[in-house]
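Just below is one structure, and these are the notes that go with it.
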Amino acid sequence: MNVLITGGAGYIGTELVYTLGELPEVENIIVYDNLSRGNYNLFIGHKPTSPKVKFIPGEILDSRKLRSTLKNVDVVLHLAAKVTTPFANTDGHIYEQTNHWGTAELAYALEESNVKQLVFLSSTGVYGNTVTPATEASETQPDNFYSISKLRAERHIKRLEDKIKTIVIRLGNVYGYSKSMRFDAVINRFMFDAHFTNRITINGTGSQHRSFIHINKTTAVLARLLTTDVPAGTYNLSDKTLSILDIVDVMKNVYEDLESFFINQNYTGPNLEVERQSKLLEYISLPESDLEDELKEFRSRFTFYSV
């Protein structure tokens, strides 16, 4: 099969390219990316998948280029998005343009294509501030520009259901090593600060919970969607629900002399818990893993210590 990955040079996309490159079912991988994050690590170093991979520089809002790129493509994995962490409620225009209207342009192009399957990477952020762990049946209550734009994007994906097999994955907070690292995500940022300054800063009480999933599990599941008969629909993908303080406790086992500091100690922050037992796990298994082991493996990826 021929696979197109929008945002394929990003944090998740880079690792997904390598994962798909190992699948015998995948003949060609097209990476479609505007390189707006300035991260070129996909293009250098280890290259076992290079015979399968082609890069097309392009904007997700460029409908003409999208239409030409989709020729002979069987599966689209739509990862391209504007993402920041924390999801600041500022500059709403860029989220609307990239996440909402960019997805709309892709949907318009897909309507005129022969693509058989579309996988869209959405966010568990569409559930907003949760009181009980969210499931796929939970009401969506997005409460910032990022999650609002993702929910609007989902609606464009769903209108393709009569033509293309569509799968929407509402993804938790991703962490772990990638060649194209993001250090604005909370666990990744903590790891960087712990490793190079031996101190981390906690914004608020630290009692707020989030849903998390390791990048290796994320890419493994996305790859399985290409070879497993999963019904069209919307699925959550989250592995661990942890408070910030839970993460700090584990990190102190990884970095024994780690110091932690609080700012805005009266701020509790929003709570976003997601039930691990997603409908998706009826078709694709998600192995158990230990956060401490994952963080120790992450630590081994740093090239040196500075403290």
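Just a few scattered comments:
- Most fluctuating residue given options Gly92, Gly102, Gly176, as computed from a GNM of the chain linking Cα atoms under 10 Å: Gly92
- Largest GNM mean-square fluctuation across Ile169, Ile157, Ile56, computed for the chain with C-alpha springs under 10 Å, falls on Ile56.
- Derived scalar couplings between HN and Hα for the range 119-125 equal 10, 10, 8, 9, 9, 5, x Hz in order, rounded to whole Hz, by the Karplus curve 6.51 cos²θ - 1.76 cosθ + 1.60 (θ = phi - 60°), x for Gly and Pro.
- Reachable aspartates and glutamates, given that their alpha-carbon falls under 13 Å from the alpha-carbon of Lys165 and they are not under 8 places away in the same chain: Asp74, Glu111, Asp229
- Contact order, relative form, for the chain: 19 percent (alpha carbon pairs under 8 Å, 6 or more residues apart, mean separation divided by residue count).
- Here the gap between Thr197 and Phe183, fully extended at 0.36 nm per residue and compared with their Cα-Cα distance, gives a gain of 3.6 nm.
- Restricting the range 1-87 to GluC sites (Glu not before Pro) in coil, as DSSP defines it, with at most 15 other Cβ within 10 Å: Glu22, Glu25, Glu27
- The range 1-71: relative contact order in percent, alpha carbon pairs under 8 Å with at least 6 residues between: 35
- Label-reachable residues, the range 17-42, where backbone N falls under 20 Å from a point 7 Å from Lys54's Cα toward its Cβ: 17-35, 42
- Along each principal axis, Cα extent of the chain, largest first, Å: 56, 43, 38
- Difference of contour (0.36 nm per residue) and Cα-Cα distance, Asn114 to Tyr267: 50.1 nm
- Of Lys82/Lys296; Lys240/Lys296; Lys52/Lys150, those spanning more than 23 Å from alpha-carbon to alpha-carbon: Lys82/Lys296; Lys52/Lys150
- In this simple spin-label approximation, Asp257 and Val131 carry label points 7 Å from Cα along the Cα→Cβ vector, and these lie 4.8 nm apart.
- Shown here for the range 105-191: trypsin sites (Lys or Arg not before Pro) in loop regions (DSSP other than H, G, I, E, B) with at most 16 other Cβ atoms within 10 Å, namely Lys116, Arg159, Lys163.
- In the range 30-158, Cα pairs under 8 Å separated by at least six residues give a relative contact order of 27 percent.
- Per-residue HN-Hα couplings for the range 56-73 [Karplus 6.51, -1.76, 1.60; θ = phi - 60°; Hz; x = Gly/Pro]: 10, x, x, 8, 5, 8, 8, 5, 4, 5, 4, 4, 5, 5, 6, 4, 6, 8
- For the range 204-295, GluC sites (Glu not before Pro) meeting the loop criterion (DSSP other than H, G, I, E, B) and having at most 11 other Cβ atoms within 10 Å: Glu256, Glu288.
- Here the average projected area of the convex hull drawn through the C-alpha atoms of the range 78-199 stands at 9.3 nm².
- With a Förster radius of 35 Å applied to the beta-carbon distance between Glu282 and Ser243, the computed FRET efficiency rounds to 0.80.
- Each label was represented as a point 7 Å from its Cα along the Cα-to-Cβ direction; for Arg64 and Ile94 these points are 2.7 nm apart.
- Listed residue (Gln265, Leu226, Val73) projecting farthest to the positive dipole end of the chain, Cβ model: Val73
- For the chain, the longest piece that avoids every one of the chymotrypsin sites (Phe, Trp or Tyr not before Pro) found in DSSP loops with at most 16 other C-beta atoms within 10 Å covers 41-182.
- Of the residues Asn264, Asn144, Asn72, the one that moves most in a GNM of the chain with alpha-carbon contacts below 10 Å is Asn264.
A short reminder: the numbers here are calculations on the coordinates, not readings from a lab. Values in this document were obtained by computation on a predicted structure and should not be read as measured data. No Cβ is skipped: glycine too gets one built from the backbone with ideal geometry, and neighbour counts run over all protein chains shown.
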